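Reading through the structure tokens given below for one structure.
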Amino acid sequence: MSEAIKDQPRVLPYVSAITEAVQQVLKEQDNAFVAGEDVGQAGSVFGYYQGLLAEFGDRRIVDTPISEKGIIGLGVGAAATGCRPILDVMFMDFLGECMDEVANQMAKMRFMFGGGATLPITVLTMAGAGMNLAAQHSQSWEAWLAHLPGVKVVMPSNAYDAKGLIIAAARDDNPVFVVLNKMSLAMPAEVPEHMYEVPIGTSAIVRPGTNFTILAIGRMVHEALAAAKTLEALGVDCEVIDVRSIQPFDSATAVTSIEKTHRALIVHEAVRFGGFGGEIVAQLQEEAFDYLDAPIARVGAPFSPVPYSPALEKVYIPNADNIVAEVKKVLGL
Amino acid sequence: MHAIGLVANPASGKDIRRLAGKASVFDNREKLAIVKRAVAGAIATGAERFVYMNDSHGIVSEAIKAIRVPRGVRFEALPSPKTSSAMDTTAAAEQMASRDCAVVLVLGGDGTNRAFVKGWRGATLVSLSTGTNNVFPVMAEATVAGMVLGLMATGGLKARSVARRVKIIDVSIDGEADDLALIDAVATSDTFIGARALLDPDRLKEALLCRAEPAAVGMTSLGGLIRPVADEDDFGLHLVFSKDGRCLKAPIGPGLFATLKVGSTRKVRFDHAIALKGPLVLAFDGERERMVGMGQNVRMTISRTGPWVVDLNQAMQLCAKKKLLLESN
Amino acid sequence: MEDGKIPGALHLYVGQEAVAVGVMAHLSNADQITSTHRGHGHVIAKGGEFSPMFAELYGKATGYCKGKGGSMHISNMALGILGANGIVGGGPPIAMGAAFSNKFRKTKQVSVTFFGDGASNEGSFHEAANMAALYQLPCVFVCENNGFGEYTAQTNHQAVTDVADRAAGYGMPGVVVDGMDVMAVYEAAEAAVERARSGQGPTLLECKTYRYYDHVGVRGMGLTYRTDEEVEAWKARDAIESFEALLIKQGVSTKKKIENVYARVNEEILEGVAFAESSPFPTEEDLLQDVYFVGAAS
């Protein structure tokens with residue numbers, strides 16, 4: 001049965017795409033369950049597990065104590081013994097509570113055991129600033145995770161990718177972090193009803209262009225698209241790449257683009273210093289040095305914790321204007 | 001002014017009966033708090049001198065550190081071998097016997113009191129339960145117990161008017177050290193000591209009981225449910241378990257019931273010896289203690305030559321009657 | 001190790017044998033354990049073989065973990081060994097997860113986590129204990145209280161003297177047992193494992209034991225943080241020697257038979273060592289294997 005017959009064209013917000021992905025995974029995999037803080041009775045503080053407790057019961061939608069070490073440990077032990085856990089770390093900031101379980105247990109167990117253990121774990125976690133939630137509920141820590149051999153990290157920027165990446169993560173036999181963005185929850189996109197995967201390790205060209213490459217991570221894809229529109233008026237035809245998988249990172253798509261455009265900028269919401277953009281820059285200068293006509297630019301948050309005040313947060317989060325300004329700087333415009 | 005002895009067993013209330021039965025852990029912080037309350041009570045009624053077992057977990061020493069000790073009140077730690085076993089309690093008892101202790105506060109279970117009596121048989125005891133299924137120690141508020149300790153130390157209350165000498169079981173084993181039990185001595189067909197608690201009814205062979213209390217749990221209740229024997233009675237009870245005996249459903253531990261087959265039940269007069277022959281394991285006051293080898297003989301007798309046990313209620317009634325705490329105008 | 005044949009750090013289990021043996025007697029290969037820094041004793045007691053174990057200690061390709069884990073990460077999924085752990089307190093959350101899985105999959109498997117007095121101060125232990133009790137998981141928390149967290153005596157690292165006292169705080173039973181008496185551990189573990197297997201939830205079983213050697217390495221005496229007299233006092237209660245005496249006294253075995261066991265085990269150890277020494281090291285090509293699962297998803 002082809003998709004066209006099966007699915008009517010349909011638009012879903014990001015939040016509902018997450019729900020649908022998890023629901024379909026739970027139907028497909030008998031040994032999958034969701035565990036996390038307020039995932040059951042509350043349906044998640046972001047609402048994306050609404051209805052799942054009623055549908056699947058408390059055996060498979062498991063409310064946990066506020067115990068991130070316990071949640072990740074539960075997932076590691078359960079995955080190693082035949083389950084396919086979907087774990088929820090409510091805010092990405094809370095990874096600090098369980099970094100040992102993530103970095104020293106989950107990420108390394110397979111390797112340390114000489115391949116003896118397989119850990120099909122999906123972790124959903126919420127990143128990003130923009131809601132005045134201040135320094136401990138707004139961060140983007142994807143670079144921490146990407147630095148860990150043994151885990152995969154994806155960051156869907158839209159509803160379609162959110163569903164497809166969650167399904168791909170749940171079918172993957174490795175630990176995969178799906179880093180969601182809280183400012184994107186209401187953002188709609190066309191989402192087919194059937195189960196589909198967005199392959200982990202692939203970027204997407206979301207706007208083809210000819211003379212400048214913008215690599216954007218997570219929600220910054222939308223800022224990059226807005227910037228591209230502004231830059232178009234100045235005669236800069238940007239190709240925007242959605243780096244939806246940062247571990248593994250799809251360098252081939254980026255290199256191919258630069259072979260054409262000869263210039264690049266990387267934008268992420270995380271702090272610029274030490275951010276994942278630095279890794280991309282390094283890879284591109286190794287693989288595409290001869291094609292570059294200018295230094296690769298980076299846009300990221302300033303080196304500061306996420307501020308609370310709306311006045312400060314507004315200037316803290318990178319936006320289209322910052323991207324435009326940086327592109328103009330590179331081009332000497 | 002006499003001294004008061006303090007013994008807190010750090011190991012009581014922690015054994016396998018929390019698993020096999022439904023007992024709960026008696027945590028050492030609560031024992032520490034009990035010591036504090038008892039010492040406060042004793043100081044309030046005039047006590048000035050304490051000697052204590054320097055237990056391996058520092059229960060009493062920590063309690064003393066945590067209270068404001070008035071001028072003139074002294075605490076003396078007795079040197080301890082610190083074996084983290086019942087031997088520590090026995091060693092403390094031996095030393096207290098020569099330290100002019102009018103009365104000793106013992107925190108523990110039946111086993112703790114037994115270990116103490118092995119070191120000082122003629123002691124006068126206030127025994128509070130911090131153990132499991134206890135018959136010997138009582139559940140009582142430590143503050144009140146402490147008041148009684150103080151009144152006895154000052155001489156306001158005399159042991160002979162508030163304490164009673166209890167029965168005891170003496171056990172002799174061929175070629176080995178003698179032993180004793182305060183409540184019950186049981187022979188089992190176990191082959192090792194292990195986790196000590198008596199939990200397997202099928203292994204029970206015979207039991208000699210000083211006291212057969214129907215309103216208690218453990219071995220004493222087995223006899224108690226058939227033929228109650230109080231501590232006041234000048235005799236004991238001998239049970240023989242047998243496959244073709246009568247069925248008795250009894251609480252062999254906290255929350256733990258078993259059906260036992262009791263062959264015979266006989267009153268035992270003082271100094272009448274019950275003889276047994278190994279191989280067997282002997283359990284005293286609910287815990288497997290001694291392995292008896294093939295052909296080894298065991299003799300057990302009951303007598304009223306045990307320690308003196310203070311009746312707290314009687315003591316406080318007497319305190320009120322004598323107006324010991326009522327200041328004169 | 002002193003010959004430089006075993007690289008890295010080795011944390012010996014010697015002295016604590018009664019705990020591993022007394023507990024593992026109640027487990028099958030399907031039951032899971034998580035271990036500590038001192039994983040060798042648990043591996044052997046769970047049914048591990050000397051050859052792949054020594055090969056792992058030597059960092060050889062034939063080791064239980066292909067030489068990638070080493071002493072601190074020795075594991076074998078077929079035997080239900082979810083790893084020794086180099087992180088103090090690393091095991092309890094994983095064992096809790098395995099127990100969750102056992103209950104979720106409706107098996108009768110039980111998971112046991114071994115950890116020390118030191119690990120009982122880690123948040124991971126508390127979270128795992130709370131969740132195991134909350135969900136009534138088939139999990140046994142076995143605290144091997146050997147008196148030291150690395151080089152710090154228990155009295156200097158926690159205000160409680162019995163880790164089992166904490167059980168009440170999680171809503172599970174706590175028991176203290178003599179960890180130098182294999183039969184005492186055996187009886188207590190039997191009750192705890194049975195409790196877990198029959199769906200009555202977790203237990204905290206504290207075994208009082210002692211580490212004959214230093215935190216790491218092969219020195220036992222002349223250490224700055226404990227006295228030789230203390231070591232000797234514990235050795236006088238050695239679990240293996242006292243169990244041998246019990247077997248002989250009860251007529252179950254004889255001195256001669258026990259000597260034969262020693263001879264046989266020594267032979268197996270020598271075979272294991274020879275296997276390890278003659279085994280190849282892993283090659284550079286092996287390095288990037290097993291970082292990720294590669295292949296069709298199961």
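The values are calculated or read from the model by the stated rules, or taken from the named source; none is laboratory data. In this text the structure is predicted, and so the values were computed from the model without any measurement. Glycine also receives a Cβ, built like all others from the backbone with ideal geometry; neighbour counts cover every protein chain displayed.
Scanning the range C:1-24 for residues that are surrounded by fewer than 24 Cβ atoms within 10 Å (Cβ to Cβ) and either out of contact with any helix residue (DSSP H, G or I) (no Cβ under 6 Å at 6 or more places or on another chain) or on the phi > 0 side of the Ramachandran plot (or both) gives C:Met1, C:Glu2, C:Asp3, C:Gly4, C:Lys5, C:Pro7, C:Gly8, C:Ala9, C:His11, C:Leu12, C:Val14.
Kindly evaluate C:Asp238 against the criterion of being modelled with pLDDT under 95 and among the acidic types (Asp, Glu).
Values: modelled with pLDDT under 95: no; among the acidic types (Asp, Glu): yes.
When the stated conditions are applied, C:Asp238 does not pass them.
For the residues C:Gly47, C:Gly63, the requirement of being more than 8 Å from every other protein chain (Cβ to nearest Cβ), out of contact with any His (no Cβ under 7 Å at 6 or more places or on another chain) and assigned to a loop (DSSP other than H, G, I, E, B) singles out C:Gly47. Scanning the range C:255-282 for residues that are more than 16 Å from A:Met112 (Cα to Cα) and touching a residue at least 24 places away in the same chain (Cβ under 8 Å) yields a count of 10. Meeting the requirement of 1 or more residues that are away from chain C (no Cβ under 14 Å), the helices (runs of 4 or more DSSP H) wholly within the range A:84-178 are A:142-146, A:159-171. If you filter the range C:73-98 down to residues that are in contact with a Leu (Cβ under 9 Å, 6 or more places away or on another chain) and more than 7 Å from chain A (Cβ to nearest Cβ), you find that the one that is surrounded by the most Cβ atoms within 10 Å (Cβ to Cβ) is C:Gly91. Per the listing C:Glu190, C:Glu194, the residue uniquely acidic (Asp, Glu), outside any loop (DSSP other than H, G, I, E, B), modelled with pLDDT of 95 or more and crowded, with 18+ Cβ neighbours inside 10 Å is C:Glu190.
For B:Thr220, indicate whether it is surrounded by fewer than 24 Cβ atoms within 10 Å (Cβ to Cβ), of a type outside the set (A, V, I, L, M, F, W, C) and not assigned by TED's automatic domain parsing to the domain that holds B:Val126. Answer is no for this residue. Summed over the range B:286-302, the residues that are within 14 Å of another protein chain (Cβ to nearest Cβ) and within 26 Å of the chain's Cα centre (by Cα) give a count of 6.
Each row is one residue, and each column tells you yes or no for (1) within 26 Å of A:Gly130 (Cβ to Cβ); (2) in contact with a strand residue (DSSP E or B) (Cβ under 9 Å, 6 or more places away or on another chain).
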site: A:Glu223; (1), (2): yes, yes
site: A:Ala228; (1), (2): yes, yes
site: A:Val236; (1), (2): no, yes
site: A:Gln247; (1), (2): yes, yes
site: A:Gly278; (1), (2): yes, yes
site: A:Ala320; (1), (2): yes, no
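Taking the criterion of being more than 15 Å from C:Glu230 (Cα to Cα), surrounded by 14 or more Cβ atoms within 10 Å (Cβ to Cβ) and out of contact with any strand residue (DSSP E or B) (no Cβ under 7 Å at 6 or more places or on another chain), the residues of the range C:146-164 that qualify are C:Glu150, C:Gln158, C:Val160, C:Thr161.
Report whether or not B:Leu32 is under 21 Å from C:Cys207 (Cα atoms), in a helix (DSSP H, G or I) and either within 20 Å of the chain's Cα centre (by Cα) or not assigned by TED's automatic domain parsing to the domain that holds B:Ala195 (or both).
When the stated conditions are applied, B:Leu32 does not pass them.
Number of residues in the range B:48-84 that are within 14 Å of chain C (Cβ to nearest Cβ), not in a loop (DSSP other than H, G, I, E, B) and not hydrophobic (A, V, I, L, M, F, W, C) equals 3. In the set B:Ala11, B:Ala23, B:Ala44, only one residue is at the interface with chain C (Cβ under 10 Å from one of its Cβ atoms) and either out of contact with any Pro (no Cβ under 9 Å at 6 or more places or on another chain) or closer than 21 Å to B:Ala92 by Cβ (or both); that residue is B:Ala11. Among the residues of the range C:186-231, just one is touching a strand residue (DSSP E or B) at 6+ places or on another chain (Cβ under 9 Å), under 24 Å from C:Phe125 (Cβ atoms) and among the acidic types (Asp, Glu), namely C:Glu206.
Looking at C:Asp3, C:Asp31, which is the one that is at pLDDT below 95 and either in contact with a Leu (Cβ under 8 Å, 6 or more places away or on another chain) or of a type in the set (D, E, K, R) (or both)? Give the derivation first.
Details: C:Asp31 fails: at pLDDT below 95.
Going through C:Asp3, C:Asp31 in turn, the sole match is C:Asp3.
Count of the range A:52-70 residues, restricted to those that are touching a Gly at 6+ places or on another chain (Cβ under 7 Å) and assigned to a loop (DSSP other than H, G, I, E, B), is 2. When A:Gly75 is tested against (1) within 30 Å of A:Leu12 (Cα to Cα); (2) facing chain C (nearest Cβ under 7 Å); (3) surrounded by fewer than 24 Cβ atoms within 10 Å (Cβ to Cβ), only condition (3) is not met. The residues in the range B:233-250 that are surrounded by fewer than 19 Cβ atoms within 10 Å (Cβ to Cβ) and touching a residue at least 40 places away in the same chain (Cβ under 8 Å) can be counted, and the count is 2.
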